[in-house]
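Just so you know, all these numbers are worked out from the coordinates, no wet-lab data involved. None of these values were measured; they are calculated from a predicted model. Don't worry about glycine lacking a Cβ; one is built from the backbone with ideal geometry, like all the others, and counts go over all protein chains shown.
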Amino acid sequence: MKQYIIRRLLISAIILAGVSVALYALIRLMPANYIDSIMRGNPMITPERINDMKELYGLNDGIFEGYFKWVAKAITGDFGNSFISGKPVIDDIASKMWISFWIAFIAMVLQVLIAVPLGVIAATKQYSATDYSVTVVSLMGISLPGFFFAITLQLIFAIYLQWLPLQGMVTARNHQFMNQFQQMMDILLHMILPMTVLVMTSIGGLMRYSRTNMLEVLNADYIRTARAKGLSENTVIYKHAFRNTMIPLVTILGGSLPGLFAGAMITETIFAIPGLGRAGLNAITLGDIPYIMAYNMFLAVLTLLGTLIADVTYAVVDPRVRLS
Amino acid sequence: MNEKEKKVQEQEDLGAQALELNLEKVITPGQLVLKRFLRNKLSIIGIVILVSMFLFAFIGPFFTGYTAEEVFYDIAADEIAMYLRPSAIHWMGTDGNGMDIMTRLMHGGRISLTIGFVVVTVELLIGIILGGLAGYYGGFVDALIMRFVDIINSIPFLPVVLIIGAIVDELNIDKTKNIYILMLVLGLLGWTGIARMVRGQILSLREQEFMVATEATGLSISRRIFRHLIPNVIPQLIVIATLGLGGIILTEAALSFLGFGVRYPVPSWGNMINAVNEPFILKTYLFTWVPAGLLIFITVLAFNFVGDGLRDAFDPKMKR
């Protein structure tokens, strides 16, 4: 197992190197040049000054030169300073990722609490009205365009009904004058709509997955044996069958854990949540090279970590699986 | 007719009857799948929606009498006829540029559906070839291809597509043509799932007896892979492709919504919703963006209904 993990990590390093080359080349081809965009329309700036600035920001280096400079620093853990904020990119990401993480984490918990029981119930009553409604609801969830759903929710609940705030994390005007409880409620109120979007658009997959799994388990021989022994239907389903459906579920959830830090680009932008995703989109439009590089490498690491965790937990939960 | 002839005749009748009975009983696997598929109400609903959507998008424009990029002018008010409410002339009103929304929805549908099909085709081509090679040869070829799959897989999808979108913009390509680049990019980044599935299936299929037989009869390797192994994976491929179509329509819509996919004046369902970035449109002119969103939702839902129905129909383990 130890050997397996070490080998996987080594392979991951090679993959990351490949990803970083592709990313750097693409980013340097981008037209949005940070210096040009901030200097545009400023009559006091001379071309020499712009050139100096570009030199300073490393935009005059060729792609190869720039890449090797970047790699040499990145290996030591220095990803440079963000062009936009001027602070080290790592600190920027570290501070923003927790906002994205907690939102995504709570959304995932809600998702599991809703999707797994519904999927299991649908499977035990296959082809019943319940089963059909669960199927339809989950397929509808998968089919929802997230951005459209988000805007529609904003329109209904924030603009027409005015029950919930439109955007942001806190009420800017008076958040600081609230006591701790009120502050928490304030954040909670702001999170209802984005959370609804995140849960609704991703709940379908999990629901379908737990249903299919439960169906497979229910058709297994040991379930027939359990019934033949005369166990009650509840014991059969919730003790024998359910525990076995948990195996792939735990794997999937474990694997998606790192991804929670990534941030939801579109949802965060629409709801103006200052998370990693919104910052990433902003960086791409402005051409903040250090930030885009670090952000995308961070996402790549999360993906690799996710698959590794999924594979390892699979072996841990299911003793029949051997890693080689 | 004497006794003997009668008997012969009777026997022939019996034989014919038996033959008919037999014919009734023999159902090809394809028919079985079709039967199971058609029994599923949701997949029928999906098919009906998809057929009407195709008619709407591909035949519809011939009947509206307008083109997608035609700007209407209000002579009485001496200004562009923008944000006209739905009326007999413009069934779904006009948008902020004075263009007929109904016509744009149809053309947008053409583009969304075409993008879906082209991207899925690209994905299938790359996925089947690379997955097939990796699965059949194993060893070094497999390791090489799978590492490549890992690299593509770890490239963050949305950021990279946005970056490429920005690059393509700079190239000053005709706005109608940059859709093709978009399709290619989506296809090149999206095939890994198919490759993995094909590889996994072929790894188990190649150990079976019929593959030993193909080797014994001396068939060429490409024939063995593409004639004998891939057809066995086709059911799963059909399901993945159908579900993938919906997913790509969603991706394209999201990209166009962010302003990176299909560009104005070419209409797409996604960039029609883009109009809501102006708050007053969001509130006042619902008819400019809600229909596009609903069309995306309904179309993707239909693809998912059909894909789900196909999966159930193909799966011999599913009891009915």
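Cα centroid separation, segment A:37-116 to segment A:1-20: 25 Å.
Shown is the FRET efficiency for B:D78 and B:T176, computed with R0 = 25 Å from the Cβ-Cβ distance and rounded to the nearest 0.05: 0.20. Relative protection proxy for B:126-139, A:3-16, from highest mean packing down: B:126-139, A:3-16 (other beta-carbon atoms within 10 angstrom). Ordering A:I27, A:T130, A:I75 by the projection of their Cα atoms onto the charge dipole of segment A:22-147, which places +1 on the Cβ of Lys and Arg and -1 on the Cβ of Asp and Glu, puts A:T130 at the extreme positive end. The loop-placed trypsin sites (Lys or Arg not before Pro) in segment A:253-324, going by DSSP, that have at most 16 neighbouring Cβ atoms within 10 Å of their Cβ come out as A:R320, A:R322.
Among the trypsin sites (Lys or Arg not before Pro) found in segment B:166-275, those both in a DSSP coil and sparsely packed, with 16 or fewer other Cβ atoms within 10 Å of their Cβ, are B:K175, B:K177. With a/c under 1.5 counting as rounded, go ahead and sort segment B:49-97 into rounded, prolate or oblate using the C-alpha gyration tensor (a ≥ b ≥ c being the square roots of the eigenvalues; past the cut-off, prolate if a/b is larger than b/c, else oblate). Because a/c hits 1.5 or more and a/b exceeds b/c, segment B:49-97 counts as prolate.
Adding -39500 (n - 2.57) for every DSSP H run of four residues or longer, then dividing by how many residues chain A holds, sets the calculated 222 nm ellipticity at -23500 deg cm²/dmol. Across peptide A:261-270, the average count of Cβ atoms from other chains found within 10 Å of a residue's Cβ is 2. Solvent-free Debye calculation, one equal scatterer per alpha-carbon of chain A: log10 I(q)/I(0) at 0.14, 0.15 Å⁻¹ equals -1.21, -1.27.
Rounded to two decimals, the Cα-based Rg/Rh of segment A:97-233, with Kirkwood Rh, is 1.14.
The charge dipole of chain B, taken about its Cα centre with unit charges on the Cβ of Lys, Arg, Asp and Glu (plus for the first two, minus for the last two), comes to roughly 940 debye.
If I fit a long axis through the Cα atoms of helix B:101-137 and take the longest principal axis of the Cα atoms of chain B, what angle between them do I get, 0 to 90°, rounded to 10? With rounding to tens, the tilt is 40 degrees. Rounded if a/c is under 1.5, else prolate if a/b is larger than b/c, else oblate: which is chain B, with a ≥ b ≥ c the root eigenvalues of its Cα gyration tensor? Taking the square roots of the gyration eigenvalues as a ≥ b ≥ c, chain B is oblate.
Here the 3J(HN,Hα) profile of segment A:131-136, calculated from phi with Karplus coefficients 6.51, -1.76 and 1.60 at θ = phi - 60°, is 4, 5, 5, 4, 4, 4 Hz, Gly and Pro shown as x. Dipole magnitude for segment A:165-287: computed about the Cα centre from +1 point charges on Lys and Arg Cβ and -1 point charges on Asp and Glu Cβ, it is near 360 debye.
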